[in-house]
Amino acid sequence: MKTMVMLSNHHVHLTKEACDILFGEEGITFHHYLAEENGPWASNEFVDVGGPKGTISHLRVLGPLRGYTQCELLRTDCFKLGVDPPVRNSGKLEGAAELTLYGPKGELTVPCGILAWRHIHIDRETLAEIGKSFGDFVQVRTEGDRALVFEKVALVPGGKGLLMHVDTEEGNAAGCANGDMLEVII
C-alpha cells in the first residue's frame, strides 16, 4: 500500500478569539488550499512567535479557524525559542510549550507549542480494509540514497485514501519531497 507524503513547515492554527486579538476584525484571508480543494488552507497572514530565549519571524497562519490555538514547531525552532515541547497529534495540547504570538493588532501568550506527530490521514473504508483503528500506528518506508523507515506513524481521520504529513526536517532527512509515494508497512 502506498501513501502520498506532504512536508509540513512550522505554522500556526488559531481560534476565533486568538485571531481577533492578533489580526483584529480583518481576520485571516485565503491564500491557497494545502492539498485538496475545500480542505485546510494557507492564509495570507503570518505571526512572529516568541519563547524564553528568542523569537522566530513569519510563521504562516493556516485556516480555517479551529477550536484551539496551536503552534506546530520544528525541532530547530525549539533551540532558538528555548522551549522543549511535546510531540503531539494536532489538537492535543497537554504539556504544550508556552509561547507568545505577535500579530499586527496585538499579542497573545498561551501554551500552544508542539512538535507534530508524523501521521497519515486515512478514510474509514481504507482503515477497515487494513484492519486498523484511528490512533493505531504503521511504519512507512522511503526510497533513495537516504532511505529509512518512519516508525510510529499515527493513523488519523481525514480525506479519501491516504495522505502522510511529516515536518520538513523529518522529510528532508529522509530525502522526501511533496507528492512522493511511500510504502506503508502494516
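The values are calculated or read from the model by the stated rules, or taken from the named source; none is laboratory data. Predicted model only: the values in this text are computed from it and were never measured. Here the Cβ is made from the backbone with ideal geometry for all residues, glycine too, and neighbour counts use every protein chain on show.
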Quick check: is even one residue across the stretch 41-59 more than 30 Å from residue 183 (Cβ to Cβ), of a type in the set (Ser, Thr, Tyr), touching a helix residue (DSSP H, G or I) at 6+ places or on another chain (Cβ under 7 Å) and at pLDDT 95 or above?
-> no
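Per-residue answers, yes or no, for (1) charged (D, E, K, R); (2) assigned to a strand (DSSP E or B):
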position	(1), (2)
12	no, yes
36	yes, no
43	no, yes
60	yes, yes
Counting just the residues of the stretch 1-46 that are farther than 28 Å from residue 142 by Cα and among the aliphatic types (A, V, I, L, M), which one comes out surrounded by the most Cβ atoms within 10 Å (Cβ to Cβ)?
-> 14
Would you point out the residue of the stretch 67-85, among those that are free of Cβ contacts under 8 Å to residues at least 60 places away in the same chain and under 13 Å from the mean Cα position of the chain (by Cα), that is farthest from residue 53 (Cα to Cα)?
-> 69
Selection within the stretch 92-151 - free of Cβ contacts under 8 Å to residues at least 40 places away in the same chain, in contact with a Leu (Cβ under 9 Å, 6 or more places away or on another chain) and under 18 Å from residue 75 (Cβ atoms) = 150
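For every residue, the table says whether it meets (1) more than 29 Å from residue 157 (Cα to Cα); (2) hydroxyl-bearing (Ser, Thr, Tyr); (3) not assigned by TED's automatic domain parsing to the domain that holds residue 163.
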position: 4; (1), (2), (3): no, no, yes
position: 15; (1), (2), (3): no, yes, yes
position: 54; (1), (2), (3): yes, no, yes
position: 64; (1), (2), (3): no, no, yes
position: 69; (1), (2), (3): no, yes, yes
position: 91; (1), (2), (3): no, no, yes
position: 95; (1), (2), (3): no, no, yes
position: 105; (1), (2), (3): yes, no, yes
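Just need a number here: residues in the stretch 3-37 that are polar (S, T, N, Q) and either touching a Phe, Trp or Tyr at 6+ places or on another chain (Cβ under 9 Å) or more than 14 Å from residue 166 (Cβ to Cβ) (or both). Don't jump to the end; show me each part of the working.
Taking the stretch 3-37 and keeping what is polar (S, T, N, Q), we get 3, 8-9, 15, 29.
Now narrow it down to the ones that are either touching a Phe, Trp or Tyr at 6+ places or on another chain (Cβ under 9 Å) or more than 14 Å from residue 166 (Cβ to Cβ) (or both): 15, 29.
Final tally of qualifying residues: 2.
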Quick one: in the stretch 93-151, of everything that is β-branched (Val, Ile, Thr) and within 30 Å of residue 46 (Cβ to Cβ), which residue is surrounded by the fewest Cβ atoms within 10 Å (Cβ to Cβ)?
-> 109
